[in-house]
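A short reminder: the numbers here are calculations on the coordinates, not readings from a lab. The structure displayed is predicted, hence computed values, not measured ones. Reconstructed Cβ throughout: ideal geometry from the backbone, glycine too, with neighbour counts over all protein chains shown.
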């Protein structure tokens, strides 16, 4: 069994009002040295296979096809043994 | 002529669009379930608003993989009229029939209210009964209507007159102050290059009867009818 | 042997446990004990309130429907089904999910009756916004309502939001839903027909919300209590699919009965369906679709996972029903059948884990609760106006009242709700009542929720009557005939006699007012134990009322339409200040008695206004309530932000002779901000004034033309003296921006 963890974030060039709001909230709690806050999504997928290489290719395709929208989002992922 | 209203699980403006076409425009109309594979002879496809698949993952992201969307893409490529309203607009963006993407409203809230939009192109299949620069009072109701496209894409939209509606005030002044959701260049609605696919965030079906506060949205349905008649 | 600490921890007392031993003739199994504990809790069985609820009238001017889980009226063969329910404690613990699942639950009660939900309203109450936690609660509750309602495509068209110290530590979230069906398509929440199947439809079962209704709804909040684990999570997308699938399934004619699995989940739905149909039900738990492994039988029976329903289906038609739910990607599984022995028999992997007479579960013991008038009330009811300085600057007072959070404009909230979907909302939020057209007819439904809980605190009986009267008045102001009520009765701990006295008096007040107006109470809900360590909430019997508009083209809104029209006041200004918003906000006192209420006068005022409106004589119509005449007039001027219209009031109403005889105050603050009941402000073209005067005279309604519309300010004169002179923009700014700035502070 493998587990993929996929991070989806807004691309750097896209404004992120959620991140900005969180930053303001943290600052109002007294955390003053925040350079930037970005908000994203985490998707975990369990794969019923041991073939890590094939899994990587599959996950990449899933990201491109459905999980992330390349116009506004970047993605990255890690795959590990369950 | 015949209209088809697409129904995804989670669509919730399907009945409203159906009502306007049937009872106000008085044209034949049918629902098309998303698992169908053909459009079966319709002249105009309406992709209604709502929360297809709960807007889970991203608005419209899952709906675009419904079997019916292949037929819609083929229909659009062959020049058929497609109008996507609100969630329908988001689905058209995700499916690549229209350029760009939707972000969350800048105030991070769902916004439901009447807004004014300026008709920037009154020569399209959807706006041919609007006067040049006509200001329309139509409501919006969405969480993600903050339209985004890169600079090159925006230039293309402008060059090809694909921007059909921009948010403005009662007198037609387009300004950041009257932009409800942060949309780039106050964009409220665009067409594809061919002009046969329209996506818009405001809901014309909610403003097609004076009783509801405005009948300006009916101009769109009426325009489509006229366009199809003259085709 | 069940130890006392076990059944006590489930909320059962020694006497109840002995009763259970008697019913079963043996020791209960753990599953049976859990089932009794929830079915006999206040939330499901109403043991402490049932005796009093019997008083409420069930018949009125329209044909009524009293279903198991909702009620309604019949108008021209169309059933209008509606109900209001509380989700207070879950919202206090986790505001977004608490409010969301509250909306989801009440809407399920509507479509399981066979009606398509057409609108929701929400009555919300919080502690002051100066407290950060209250701001968090308000934001979370609004977020939950928009998250759930918007996705469903059911417009949230109205409601109310009040702020009061008594809700610190115990907010109120009362959600109301309205649905419409053809009379012949209505469904019942009962099982019938021995051999018919019991099907489980909707989401899978998890451990969420176990013990929710008994634990959360039947205890007071204590300091720092950790109750989050029992909160359920809402999934509006699944519910939207459930609505469509359910209405499709009901249309086949194969569904005998259907019930939401709400509070106490499978226990409540199975025993109540069996009891209502006078049959038994056998359940096989291992067939229940599950989301979590290793669930005990009692956990499956108690789970409050959302978006699930129990359906009784005609034998042989199961596949057809299954296909409909599968089309919407929903579970639909046969988990049992109808029997004739009247028992709810639960089997888990072949072993019987519970076997109880359905009736024994649903007929909870009834308690006569002791009640006593609170000692503090006589003292609080005394109000000596001589000790209260008259304000020097009434302009300043009016601006402060317009910015008071309970009175300020609520656009920040309702713009987050989709209030237009389904394209029926003829009068949008922000007027006295929401109005929804009924497509295919000339008619419309108007709806409102009302309760001034400060009045109910000062005088529970009359305060509750006023809630009914004001709800009816709001409907009349929109052009509707008041038709029927749903009540949501929020009170403190019923085991404390002073709290129960409030409950008893409020129920009697509602009963008297509804009987007088000939309006039935068709559905409702009781929520007790609304207390925090600081004490009980104000008694809050929220009244949800619907009315019928005969001709939708005659519908009317509260704001002035054009300049040069005459402003009319119907009713008597008594100059009462007891319990007023003015006294609270400006003088920082909650004192006196609540305003007087003459039901005869109230009815006459409403009849006169409705007659004038339906004859098309009137341009605007607005109820005069919190903040008195001055605030009501200001609202008439500024509530249409695209067209502000000023007014000159040069004939200020004088206290009537009768009022003077009763020694009511004649102070200017009382005249401007006093909250005398049974008053309606109309505006109309000059030519209609005498016709309206005539209508009023025939009904013996006090009538006064108090001024005219026009100009850029609201100006109120007292003889030669100017009491109020405020620019419209200034008032609009205060009124419009106040709530948002308090919330985002």
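So the values come out like this:
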{"quantity": "Prolate/oblate/rounded call for the range C:510-653, Cα gyration tensor, a/c under 1.5 rounded", "calculated": "oblate"}
{"quantity": "Spin-label pair residue C:721/residue B:24, simplified geometry with 7 Å Cα→Cβ offset, distance in nm", "calculated": "5.3 nm"}
{"quantity": "Mean projected area (nm²) of the alpha-carbon convex hull when the range B:46-119 is viewed from all directions", "calculated": "5.9 nm²"}
{"quantity": "For C:111, C:516, order by how many other beta-carbon atoms lie within 10 Å, fewest first", "calculated": "C:516, C:111"}
{"quantity": "Other protein chain Cβ atoms within 10 Å, averaged over every residue that makes up C:234-246", "calculated": "3"}
{"quantity": "Packing-based ranking, highest mean first, of C:391-401, C:261-271 given that Cβ atoms within 10 Å are counted", "calculated": "C:261-271, C:391-401"}
{"quantity": "Chain C: angle of helix C:265-277 to the longest principal axis, Cα-based, in degrees nearest 10", "calculated": "90 degrees"}
{"quantity": "Largest-first principal axis extents, alpha carbons of the range B:1-134, Å", "calculated": "41, 39, 28"}
{"quantity": "Distance in nm between pseudo-label sites at residue C:518 and residue C:165 (7 Å out along the Cβ direction from Cα)", "calculated": "4.5 nm"}
{"quantity": "Cα shape, the range C:556-745, gyration tensor, a/c 1.5 rule", "calculated": "oblate"}
{"quantity": "For the range B:1-98, share of DSSP beta bridges that run antiparallel, in % to the nearest 5", "calculated": "10 percent"}
{"quantity": "10 Å Cβ neighbours from other chains, averaged over peptide C:117-125", "calculated": "0"}
{"quantity": "Per-residue average of Cβ from other chains inside 10 Å of B:103-114", "calculated": "6"}
{"quantity": "Most mobile listed residue (B:145, B:213, B:195) in chain B, GNM with C-alpha springs under 10 Å", "calculated": "B:213"}
{"quantity": "Inter-label distance, nm, simple model (7 Å from Cα along the C-beta direction), residue A:5/residue C:184", "calculated": "6.1 nm"}
{"quantity": "Principal axis box of the range C:45-182, alpha-carbon based, largest edge first, Å", "calculated": "49, 38, 24"}
{"quantity": "Rh (Kirkwood; distinct C-alpha pairs) - the protein assembly as shown, Å", "calculated": "30.4 Å"}
{"quantity": "Diffusion constant of the range A:2-81 at 4 °C, which comes from Stokes-Einstein with the Kirkwood Cα-pair radius and 1.567 mPa s, µm²/s", "calculated": "91 µm²/s"}
{"quantity": "Largest-first principal axis extents, alpha carbons of the range B:3-230, Å", "calculated": "43, 37, 33"}
{"quantity": "Net length gained if the chain between residue C:386 and residue C:76 were fully extended (0.36 nm per residue, minus Cα distance)", "calculated": "106.0 nm"}
{"quantity": "On Cα atoms only, tilt of C:95-111 relative to the major axis of chain C in degrees", "calculated": "80 degrees"}
{"quantity": "Gain upon complete extension [residue C:51, residue C:550; 0.36 nm per residue less C-alpha separation]", "calculated": "176.0 nm"}
{"quantity": "Value of [θ]222 nm, deg cm²/dmol, for the protein assembly as shown, DSSP H segments ≥ 4, -39500 (n - 2.57) each, nearest 500", "calculated": "-9500 deg cm²/dmol"}
{"quantity": "Extension reserve of the residue B:175-residue B:160 stretch, reckoned as 0.36 nm per residue once the Cα distance is removed", "calculated": "3.2 nm"}
{"quantity": "Within the protein assembly as shown, percent of DSSP bridges classed antiparallel, to nearest 5", "calculated": "80 percent"}
{"quantity": "Chain A: angle of helix A:52-62 to the longest principal axis, Cα-based, in degrees nearest 10", "calculated": "60 degrees"}
{"quantity": "Relative contact order (%) - criterion: Cα under 8 Å, at least six apart; region: chain C", "calculated": "15 percent"}
{"quantity": "Projected-area average for chain C over all orientations - Cα convex hull basis, square nanometres", "calculated": "30.2 nm²"}
{"quantity": "Percent RCO, i.e. relative contact order, over the range C:556-745, from Cα pairs under 8 Å lying at least 6 residues apart", "calculated": "38 percent"}
{"quantity": "Calculated FRET efficiency for the pair residue C:359/residue B:56, C-beta based, R₀ 51 Å, to 0.05", "calculated": "0.75"}
{"quantity": "Among beta bridges that DSSP assigns inside chain C, antiparallel share in %, nearest 5", "calculated": "80 percent"}
{"quantity": "FRET efficiency for residue B:151 and residue B:2, using Cβ-Cβ distance with R0 set to 35 Å, rounded to 0.05", "calculated": "0.30"}
{"quantity": "Mean separation of Cα contacts under 8 Å (6+ apart) over length of chain B, as relative contact order %", "calculated": "20 percent"}
